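A short write-up of the structure that comes next.
Laboratory data are not the source of any read-out in this text; all were calculated from the coordinates shown. Because the structure is a prediction, the values reported are computed rather than measured. Methodologically, a virtual Cβ is constructed for each residue, glycine included, from the backbone with ideal geometry; neighbour enumeration extends over all protein chains shown.
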């Protein structure tokens, strides 16, 4: 399956919809309720944690006398950027089950 394509009608979903509304968003072609797959969410979570870990160690090496707040800010920003990048890399979509609200 291609990245960010509807599994029912194979229409490409814009990346802005996949990033902004990952829980439930309509397909532009068939209007089915779509969401990110579990694999995409797990990959984005682990990618974000790895990015935050790398950012904390990078800030600690570059600025050894900096406040601890700078490491936290770097971790939050790196988590946001790397998890969004991982969603764009994997980007697998599934049809949202009917019973879940």
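Numbers below:
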| quantity | calculated |
| --- | --- |
| Per-residue Cβ neighbour rank within 10 angstrom, fewest leading, 63, 36 | 63, 36 |
| Residue 19/residue 54 FRET efficiency (R0 25 Å; Cβ-Cβ; nearest 0.05) | 0.70 |
| Residue-averaged 222 nm ellipticity for the chain, from DSSP H runs of 4+ at -39500 (n - 2.57), nearest 500 | -18000 deg cm²/dmol |
| For region 15-95, average projected area of the Cα convex hull in nm² | 5.5 nm² |
| Relative exposure of 4, 12, judged by other C-beta atoms within 10 Å (fewest first) | 12, 4 |
| Relative contact order for the chain, counting Cα pairs under 8 Å that sit 6 or more residues apart, in percent | 38 percent |
| Listed peptides 23-34, 43-54 by packing density, highest first (mean Cβ within 10 Å) | 43-54, 23-34 |
| Descending Cα extents along the principal axes, region 53-98, whole Å | 52, 20, 11 |
